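*Asks:* Dumping the structure here so I can ask a few things about it.
The values are calculated or read from the model by the stated rules, or taken from the named source; none is laboratory data. Keep in mind that what you see is a predicted model, and the values were worked out from it rather than measured. Methodologically, a virtual Cβ is constructed for each residue, glycine included, from the backbone with ideal geometry; neighbour enumeration extends over all protein chains shown. Note: areas computed on protein heavy atoms with side chains; ligands, DNA, RNA excluded. Shrake-Rupley method; radii C 1.70, N 1.55, O 1.52, S 1.80 Å.
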Amino acid sequence: MWYNYLIPPVVGAVIGYFTNEIAIKMLFRPYNPKYIFGWRIPFTPGIIPKEKSRIATAIGETISKNLMDRDTMAKNLLSEEMIAKIENGFDLFVEKQKENTETIQDFLSHYISPDNVTLSKDNFTQQFSKSISQKIAESNLGEDIATKVVEYAMEQTKKGLLGIFGADKFIGLLSNPTEKLLGKHIGNILKNNAEEITRPMVEGQINHFLSTPVSEFLANRDESITKIKEMIIDAYKSVISSQLPRMLESIDIKKIVEDRINEMDIQETEQLTYSVISHELRAIVLLGALLGGIIGLVNIIFI
């Protein structure tokens with residue numbers, strides 16, 4: 001009968017289908033070994049649960065040596081595409097901030113706690129004031145001020161009554177020692193009080209800066225922003241080129257990958273695998289059915 005010719009390929013297709021389906025299932029299942037009267041049933045647990053530790057080691061070693069080695073990482077991190085992404089991200093961030101009406105202090109509080117912003121402001125004020133006061137104390141500013149004061153006094157003397165009676169010549173003889181003495185006193189005053197004098201000015205400038213709206217601060221600063229972007233890109237390239245080998249040495253990629261795979265539940269591993277190659281696994285099952293059907297047809301021809 002005609003259906004006798006149909007049975008072999010159909011049976012072959014069914015056998016091929018379920019054989020491959022079972023084989024794929026056996027990659028993961030059962031998750032744990034099964035026993036009968038204390039004797040472990042062969043092929044339990046599945047291949048992947050049984051060899052999970054060895055597979056994790058092999059994957060970790062492969063990734064660390066071939067996928068995340070120094071040359072590969074440097075090539076990708078310094079590629080034109082990556083640099084373009086950084087530049088584009090910077091440009092988008094700046095364009096967004098040009099419309100930001102909050103103050104610089106409020107803007108910083110999104111990334112730094114308000115207490116740390118205040119602490120940083122106080123530390124900067126103290127350090128900057130101290131630095132300026134030291135520069136003033138080490139300079140000849142007292143003498144320069146004294147020179148200007150004496151010069152101004154001499155000019156006023158020449159214009160006044162003392163200049164008319166010729167007393168300005170006599171005062172001129174006293175100007176040099178007066179200038180030195182005045183310069184010494186002014187220098188001592190600045191040395192002893194420079195930080196007290198400069199601190200309110202520095203603090204006022206910092207407070208003014210922090211209270212400035214972000215949009216106002218960025219207005220008409222395109223050239224400066226471009227230079228900052230170039231500095232960031234140069235710094236990024238320099239860090240990747242010089243520090244990447246050290247960073248990779250300090251990070252045991254192999255162990256991280258291996259530990260993560262070992263920590264994964266076998267069901268999670270199965271779901272992850274199926275989510276990645278489900279179509280390919282389904283194709284293998286269907287291929288088994290196709291091969292089984294072909295073998296059934298061959299049997300009809302030769303038997």
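*Asks:* In the calculated pair distance distribution of region 66-152, what percentage of Cα-Cα distances lie above 16 Å?
*Replies:* So the pairs more than 16 Å apart make up 77 percent of the total in region 66-152.
*Asks:* Something else about it: Assuming R0 = 22 Å, what is the FRET efficiency of residue 221 and residue 102, from their Cβ-Cβ distance, to the nearest 0.05? Before the final figure, lay out the partial values.
*Replies:* Numbers: r = 17 Å, r/R0 = 0.79.
Between residue 221 and residue 102 the formula returns 0.80.
*Asks:* Still on this structure: What GluC sites (Glu not before Pro) in region 41-94 are in a loop by DSSP, with at most 14 other Cβ atoms within 10 Å of the Cβ? Mind showing how you got there, number by number?
*Replies:* Numbers: sites: 51, 61, 80, 81, 87; in loops: 51.
When the GluC sites (Glu not before Pro) of region 41-94 are filtered for loop state and at most 14 Cβ neighbours within 10 Å, 51 remain.
*Asks:* How long is the gain from residue 212 to residue 252 if the chain were fully straight, where each residue apart is worth 0.36 nm and the alpha carbon distance is subtracted?
*Replies:* On the way: separation 40, 0.36 × 40 = 14.40 nm, distance 4.54 nm.
Contour length minus Cα-Cα distance gives 9.9 nm.
*Asks:* Residue farthest toward the positive end of the dipole of region 49-107, with Cβ of Lys/Arg at +1 and Asp/Glu at -1: which of 53, 84, 104?
*Replies:* My answer, from the dipole projection, is 53.
*Asks:* Leaving ligands, DNA and RNA out of it, report the carbon-plus-sulfur percent of the accessible area of region 79-118 at a 1.4 Å probe. Each step should come with its number before you reach the end.
*Replies:* Values: 1540 of 2880 Å².
Answer for region 79-118: carbon and sulfur cover 54 percent of the accessible area.
*Asks:* Now for a different question. Based on the Cβ-Cβ distance of residue 138 and residue 205, what FRET efficiency does E = 1/(1 + (r/R0)^6) give at R0 = 22 Å, to the nearest 0.05?
*Replies:* On the way: r = 22 Å, r/R0 = 1.00.
So the FRET efficiency works out to roughly 0.50.
*Asks:* Calculate the translational D of region 242-303 in whole µm² s⁻¹ from Stokes-Einstein, where the hydrodynamic radius comes from the Kirkwood formula applied to all Cα pairs, the temperature is 37 °C and the viscosity 0.692 mPa s.
*Replies:* Working: Rh = 15.9 Å.
Calculated translational D: 206 µm²/s.
*Asks:* Moving on. If R0 is 51 Å, what FRET efficiency do you get for residue 32 and residue 299 from their C-beta distance, rounded to 0.05? Display every interim value, and only then the final one.
*Replies:* Numbers: r = 40 Å, r/R0 = 0.78.
Step by step, r from the Cβ atoms, then E = 0.80.
*Asks:* State the percent of C-alpha pairs, over all pairs in the chain, separated by a distance greater than 33 angstrom.
*Replies:* In whole percent, the long-distance tail amounts to 67.
*Asks:* Follow-up. Whole percent per 10 Å bin, from 0 to the bin with the longest distance: what is P(r) over all C-alpha pairs of region 193-303?
*Replies:* 10, 13, 14, 16, 16, 13, 8, 5, 3, 2, 1, 0
*Asks:* Same structure again: Testing the spin-label approximation: label points 7 Å from Cα along Cα→Cβ at residue 230 and residue 77. State their distance in nm.
*Replies:* With each label point 7 Å from Cα toward Cβ, the separation is 2.5 nm.
*Asks:* Which value in nm describes the separation of the simple spin-label points at residue 58 and residue 262, placed 7 Å from the Cα toward the beta carbon?
*Replies:* Reported label-point gap for residue 58 and residue 262 is 1.7 nm.
*Asks:* How charged is the neighbourhood of residue 65? Take every other residue with its Cβ under 12 Å from the Cβ of residue 65, and add Lys/Arg as +1 and Asp/Glu as -1. Spell out each step's value before the answer.
*Replies:* Details: positive: 70, 254; negative: 61, 69, 71.
My count for the surroundings of residue 65 gives -1.
*Asks:* Compare the Cα positions of 133, 185, 301 along the charge dipole of the chain (+1 at Cβ of Lys, Arg; -1 at Cβ of Asp, Glu; about the Cα centre) and return the one farthest towards the positive end.
*Replies:* The Cα lying farthest towards the positive end belongs to 301.
*Asks:* Given the DSSP H assignment, sum -39500 (n - 2.57) over each helix run of at least 4 residues in the chain and divide by its residue total; what's the result at 222 nm in deg cm²/dmol, nearest 500? Can you show the working numbers first?
*Replies:* Working: 14 runs with 243 residues, N = 303.
Per the formula, -27000 deg cm²/dmol.
*Asks:* Please work out the ratio of the alpha-carbon Rg of region 1-144 to 2.2 N^0.38 Å and round it to two decimals. Walk me through the numbers before you get to the answer.
*Replies:* Details: Rg = 34.9 Å, N = 144, 2.2 N^0.38 = 14.5 Å.
Here the answer is 2.40, to two decimals.
*Asks:* Pulled fully out, how much extra length does the chain show between residue 50 and residue 244, if you take 0.36 nm times their separation in residues and subtract their Cα-Cα distance?
*Replies:* Numbers: separation 194, 0.36 × 194 = 69.84 nm, distance 3.66 nm.
So the chain would gain 66.2 nm between residue 50 and residue 244.
*Asks:* Continuing with this model, one more query. What accessible area per residue, rounded to a whole number of Å², is obtained for the chain using a probe radius of 1.4 Å? If you can, show how the numbers build up before the last one.
*Replies:* Details: 21770 Å² over 303 residues.
Result: 72 Å² of accessible area for each residue.
*Asks:* Suppose a student asked you for the relative contact order of the chain, using Cα pairs under 8 Å spaced at least 6 residues apart; what percent would you report? Please report the intermediate quantities before stating the final value.
*Replies:* Values: 251 pairs, mean separation 130.1, N = 303.
It rounds to 43 percent for the chain.
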